[in-house]
Each structure stands twice: as C-alpha cells, then as structure tokens.
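Accompanying notes for the structure given below.
The values are calculated or read from the model by the stated rules, or taken from the named source; none is laboratory data. Only a predicted model underlies this, so the values are computations on that prediction, with no experimental measurement involved. Heads up, the Cβs are rebuilt from the backbone with ideal geometry, glycines too, and the neighbour counts pull from every protein chain shown.
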Amino acid sequence: MSPLLGLSFTCFLLWADGSSVEFDDLQAGLHLEDQSCGSSPDAACWIQRRAKRLSEESDADSNHSQQSEGRAGVNASDVLGSQESDHTLVSTNASKFYCDSHTGGSCRFWSCSSSRGPTMCKSSQCRCMPGFCATAGVCNERKQENVAHVADTCNRDTGGSCRFFGCSSYRGAVDCIDGGCVCKAGYCSADDGSCHQPKARIKAHVVPVNLQQRNFPSSQVNLRTGLCFSGGGSRALTVTMGVLRALESLKLIPHVDAISSVSGGTWASSIYMFAKDVSIKELLGEDTTPNELTMDRLLKTPARLGAVATTSITSLLWHNVKFNNPHEMWIDSYAKAVLEPFGLANRSQFMAANEESLQEILRRNPSLSSDQFQVPNPLRPKTYIMGGTILAPVGLLATETSAVSLQMSPDYTGSPFYPKDSLVHYKGQDNREFLVGGGFVESFAFGGSAPSSAQGQMGGEAVEMEAPPTAFSLADAIGISSAAFASVLVNAGWLTSAASFVIGHEAEEYLPVKDVWPVTSNKFSTWRPALKYQLGDGAEVDNTGMMALLQRKVPKIVAVFGTNRELAEDIDFCDGNVLRLSLKNKVSNDLLDKFGYVAENPGEYLIYNQVFHSDDLAKLLCKFEKKRKSGEALVVQQDMEVLANSKWGIEGNWRVSVIFVYLNSCKRFTVNLPPETLQEVEKGRWGRFANWPHFKTSSQNSGKFTSYTPEQVNLLAAFGEYMIRSNTEMFMRFFQ
C-alpha cells in the first residue's frame, strides 16, 4: 500500500469512527483489558465502578485535539428549514416534547462552538450540559416556564449517523436525512438516542422524605421485620433461593414485612416477589439435607428460580451489543433470558403495589389500562425494595457524598433524604450545586419530567406531571440494581475477540440512564428540572440492602451476605486487638463499612456508611470465629445501637436486632455430603465446584458469563437452605 493510500485509509477510519455507520451505536467497548478483573474472585471487580472514577486528566484529554465542529448528527431545524413546522411540531394535546441534549455539532477535532451555549464533548458530539436542552442547535436552560406546562422543545436529532449502514432499529421511527438519524414527524428524541411519541400527562403521588418530614409511603411504614439479600451475581441469587426455600418450609415468610435486595439478590427476590401461577416447590425446589445430595441428584435441572442461574445470556448479549441501545443492552438481555420464562419481561409494563393501588392509579389516569401493569404476588411480603445508585448527571462524575441510593419498589421509586441535608457537587467541568433525593414518586411516573408546579414538586397527591417516554418496568429496576454486569461484559475477552471489527463505546455508555428530579422542601423550595442521570448497581453505595431498612427503622433484620470473601483464617478475631489490624480482604467490605471500617474498591462510595459502633464489629467477628472453629455455618444474632447517619438520613439512638448470615465454608455441611460429592468439593479448582462456596460472579465456568452448572446451583442453594435450617430455633424465636 502506498504511503498516500495508507494515510487516506487512516483518515477514513478516523472519520468513520464516530459519525458514520452507526458506529456510535454498534460500539461495544469490548477492547478494554479483561485481565484487570476477569480473573478476580469478585469479578464484577466492579468494572462499572471503575468506569465512574475516570481520571480528570482523561476528561481533559478528550477535549484536546477534537475535530473542528461539524455535523455529528442532524438537528431538524438545520436540515429542514422551512419544512420544520411540518416535521417538528407535535400536537399540544400530547404530554410534552422532550428535553434532548444533542446539538447536532461535532467535537471530533475541535472543541464545541461557544455559540451553542453550555456544552460538553461526549462521544465526539457536542451535548448540552446537565439542566440544558438543545433547541435549534443551541443549549437553553430547562426552566419552569409556567405552572401549567413545562414546554421543552421537540428536538428530533437522535445523535445517530446513517452515512453507510442506516439507522439502528432501536431508534424507532427515524428517517436518514443528510447522514443523520432524525425522528419522523410526530416523534421527538428523548435524549436516549431513540424516538418517542409524546404521551398524555399523568397524575401521580409524590412523597417527600427529609429530616423535617420523615414519613415514608404508607406501604413502607410500621415494618417489624425485614430480609436483606446482598449482591453477588448468580452466587447471591442461588444462596437467596436456598434461604427462601428454608424460610418457606419453616412457614416464616408470613412473618416477614419487607424484603430489600441488591444486584444478584434482586435477581432472585424479584422473581420470587412477582412470579405467579407457579408453586413454591416448583419455584424454589424440594427441601434438602446434606447426606441426600448425591451427584446424580445435583446434576438434575434445578428448580425454576435456580434454572435462572444456569441460563446463558452470551448470545443475547452479543446480539444486543450489535443492535440495541447500549444503555438498554443489559436490561434487554436480562429480561429476555431470565424474566421471560415467568412472563415478567415486558418492558412496556409499569409496576404497581397491588390490585387496589392499581385501580386507584387508573382512576386518576384514564389514558392507562390494567394490562400495562405488573403487580407482585399477593402472598409475598408487603414491602419490596430493589437497591440501585443515582450516580451523576451525564457528563459529570459522582463523589462520596453525591452518589446516593436509588430505591425502586412496585409502588414508589426515589431516594429518601438529601445527603447530609445539603446540596451536592459533582466532579467535572461544572461548579454548580445540585439537589438530589428528598423523596419518592409513584413508580409508574419515574423517569419523566419534574412536576409542572413548584408546589407539586414539594409533594402531594395526584400531582400533575409529564409522562416518562418509556415505562419504568420490573426489568428496568432489576437491570439498574445489577448494572455492574453491563460494564463487566465490555471487559470480557471472549467478547472482545468476537467483536474485534466493532468500534467500541466507552464502558460508561452501557450504564442505564433516566431522567431524575429531586423532591423539594421548605429548605430547598426552588423548582428544579429533571436531569439525565447515570444509574448504577446498588452495590456502589450499599451491597446489602440494610441501609434502606434502617432508614425505615425496621427493628428486626435478617441480613444475608452472599459474599465472595471467606473469613480470613490467619487472624484470631477474638483477639482484643483485632480492630487495630488491617481487615482489608480479611472480611467482606459489605459488612465492614456498616461499622466504620472502609477499604473500598474504585467506584464504591462507602465512606459515610457507618451505622453501628466499631466495638460491635469486634463482638460479631469473634462470634463468627467461634462458629467457624466448631464447624458451624456463620449465622449470628446480635443486638446493636443504631448510630445517626447524616448522609443516609438515618436516625440514631435506637436498637436493632440483626441475624447475620455470612456465606463461608462450613465443615458440618461438607462432611455430611455423600462421598462422591465430598470428593468433588475437595478437588478444589480442578473439580466441579471450584471456588466453593464463593463461586465467581462472572466466568466461574469457562466460556460463560454469569451462568453456573446445575450441580453448582443445586449444591449452593442447598447450603443456603442449610444455613437457615441448622439455626431453626434462632429464626423461630426471631420471627414469632
């Protein structure tokens, strides 16, 4: 190849990289190194968290040597001229137009033009800063124009390119105009890269929860007992299944008022909460005892919930990497592979708490219908919380203070309290103060614009607001709660080689995004618009689900730690000086942070999580040590004083009783296994049960992403069941 031809080809690739071929959409970010986390025992590592801790220098570099501002997308006003009125106006009877940040400008070689207003360079596109919307290529502040209607503009530029291969199907109703993917007449871009028809306005309840108004929604108060299921991928799902099987068999579930779960714990608890037309035995499996767990029995197909952990989603992920909206890829894949067998995968369905509340929602909103909703199984606990994280507005980065819990329930979704009862700052080129948290909105309204009146944003019943462009479904909540896996896959080496021809997105572009607005109060009374936020795995701020129950002052909690961290054997935890030692990698961080001992990984925000006295940690670890030495499962009950926590809004000076269920090797369980099963366990990394009992969250089995084998699921679930059954008297006293 001649030097001139080579240079021309190189220039072509540089140009095609960001604005042709929908490479912005096909991108898979699959070239990132998998060695950094692929072999880690907690393999999510959590890569997503690392994506959120990008260096300030890399952000600065992305704004250097950027292309002279050109056309990375198409703004309808730029292209259609006098035809704009035919293509951009939407009936005023519809809910609203959407706030879109695409200006249509490119920053591939040069920075964005100042004429566009407050912009940032994102994926080589000039995008409006948080709180600003693009109108005819210029960023204007999103304001409360009047109390009756928040009139955002109908921007139709999706940010996609169609110069070579056309627009991706996920964009919906689009036309290819002058190389850009532009929404068809009657549709607007909602800043998610796809086109939506504006919907009828809705009326939803808004519940303020702050230091002056501590009242949670009525369905989430007066809770006496709660179960917490930690994150940990398929490992946590499997342990959770076993725990639920034991509690159902002991007939203790009717005594449970609430379930709070994160990530892998949510994978299990969500199906348990919503699945209908399936018996408990079909869902969770038959009761087991260790001496009956022959290899023949373990090799059988697990119960339906356990079968979820054996499902391979590799082909779905690969398909969705190529053809789906990157922000939706993980949610779509998980819903198809895992929720569909239970009839729960429909992403156009909202959630409601029960049939009674559903009918009340329909009465207020006649444009909606009952077939657009999913409700939990009425035989399950009344309160259900799925934990996620509100990270930062798109283009900015979260901090220890500003990253807050996103609590998603069938009835309400939001974040209670303001962190430290204050405004927050985010990292990035934006020194404004932001308000985050402060309460809840009914879940069917989550993801839309803020209430149109300042009074409505402070809370109330039947508050009028704009409908979200898409339903906030059960699949969305589960996908957000386990969003770390959306980023894990972009680091998977097997997917990298398979997709070597694809131009990759940044890992963070695989994280879910939603419009989020704060609930205001007398202290922070100014009306504030919804901002497009990146949402993360619940593990980023609390991988146990305990903090949500402590916010609600639940006095009895069972906390199941499906951890990857074996209690260290080289430390005497009953030594009076144990708290002077470094406990990093000796005990799970998910436990330590609640007692003020933080050894966080990149992308975790745990510094402000202390809710118990440090001396209580020493007592707990010593009890664990004694249990381990006697060969028992690490199941310990401990009563403790709760400390006030200003970031989480948790009240202090009250007592809670917690049963800690900590996943750890257990001699009494393994020695009672049949000989051939025990032999496989003792083979360690060379046997069928490598890493027992801390199976890896990803790549436990060669060529698989999150899936386990039937024998791994059946044995680990049986151990989860055993941890409860071997402490039956403790649990019977606790719940009755």
All but one of (1) farther than 18 Å from PRO555 by Cα; (2) hydroxyl-bearing (Ser, Thr, Tyr); (3) touching a residue at least 24 places away in the same chain (Cβ under 8 Å) hold for SER657; which doesn't? (1)
Can you name every residue in segment 330-344 that is outside any helix (DSSP H, G or I) and either under 14 Å from ALA307 (Cα atoms) or of a type outside the set (A, V, I, L, M, F, W, C) (or both)? GLY343
For segment 387-415, which positions are assigned to a strand (DSSP E or B), more than 16 Å from ILE259 (Cα to Cα) and not hydroxyl-bearing (Ser, Thr, Tyr)? ILE390, LEU391, ALA392, PRO393, LEU397, VAL404, GLY414
Restricted to segment 416-441, and to residues that are of a type in the set (A, V, I, L, M, F, W, C) and farther than 26 Å from ALA258 by Cα, which residue is surrounded by the fewest Cβ atoms within 10 Å (Cβ to Cβ)? LEU423
Within segment 225-281, how many residues are outside any helix (DSSP H, G or I), among the β-branched types (Val, Ile, Thr) and buried (at least 23 other Cβ atoms within 10 Å of the Cβ)? 2
So, in segment 671-689, of the ones that are in a helix (DSSP H, G or I) and free of Cβ contacts under 8 Å to residues at least 40 places away in the same chain, which residue ends up farthest from GLY265 (Cα to Cα)? PRO675
Find the residue count for segment 606-625, including only residues that are in a loop (DSSP other than H, G, I, E, B), crowded, with 18+ Cβ neighbours inside 10 Å and aliphatic (A, V, I, L, M). 2
Filtering segment 660-680 down to residues that are under 30 Å from GLU400 (Cα atoms) and of a type in the set (A, V, I, L, M), which residue is surrounded by the most Cβ atoms within 10 Å (Cβ to Cβ)? LEU663
Determine the pairs where a residue that is under 11 Å from PRO710 (Cβ atoms), located within segment 280-307, has a partner that is part of a loop (DSSP other than H, G, I, E, B) with Cβ atoms under 7 Å apart, the partner being 6 or more residues away or on another chain. PRO302/GLY285; PRO302/THR310; ALA303/GLY285; GLY306/GLY285; ALA307/THR301
Single residue of segment 544-582 satisfying the filter (of a type in the set (A, V, I, L, M, F, W, C) and assigned to a loop (DSSP other than H, G, I, E, B)) that is nearest to PRO416 (Cα to Cα): VAL554
Of the conditions (1) at pLDDT 95 or above; (2) surrounded by fewer than 20 Cβ atoms within 10 Å (Cβ to Cβ); (3) hydroxyl-bearing (Ser, Thr, Tyr), SER702 clears all except one; give me its number. (1)
Does segment 568-585 contain at least one residue that is under 23 Å from ALA258 (Cα atoms), free of Cβ contacts under 8 Å to residues at least 24 places away in the same chain and either of a type outside the set (S, T, N, Q) or out of contact with any Cys (no Cβ under 9 Å at 6 or more places or on another chain) (or both)? no
Given PHE624, PHE573, PHE595, PHE612, which one is in contact with a His (Cβ under 8 Å, 6 or more places away or on another chain), over 26 Å from SER698 (Cα atoms) and modelled with pLDDT of 95 or more? PHE595
How many residues does segment 324-363 contain that are modelled with pLDDT under 95, closer than 30 Å to LYS203 by Cβ and among the aliphatic types (A, V, I, L, M)? 4
Among the residues of segment 518-531, write down those that are touching a Ser or Thr at 6+ places or on another chain (Cβ under 7 Å) and either among the charged types (D, E, K, R) or in a strand (DSSP E or B) (or both). ARG528
Being over 18 Å from PHE417 (Cα atoms) and surrounded by fewer than 19 Cβ atoms within 10 Å (Cβ to Cβ) is the filter here; which residues of segment 633-659 pass it? GLN637, GLN638, ASP639, GLU641, ASN653, TRP654, ARG655, SER657
Within segment 251-265, residues under 27 Å from GLU729 (Cα atoms) and in contact with a Gly (Cβ under 8 Å, 6 or more places away or on another chain) come out as VAL256, ASP257, ALA258, ILE259, SER260, SER261, GLY265
Can you go through PRO302, PRO376, PRO366 and tell me which one is outside any strand (DSSP E or B), at pLDDT 95 or above and touching a Phe, Trp or Tyr at 6+ places or on another chain (Cβ under 7 Å)? PRO376
Would you say THR728 is within 24 Å of ALA309 (Cα to Cα), β-branched (Val, Ile, Thr) and out of contact with any Phe, Trp or Tyr (no Cβ under 8 Å at 6 or more places or on another chain)? no
Could you tell me whether segment 660-670 includes any residue that is more than 31 Å from the chain's Cα centre (by Cα), closer than 30 Å to ILE557 by Cβ and assigned to a loop (DSSP other than H, G, I, E, B)? yes
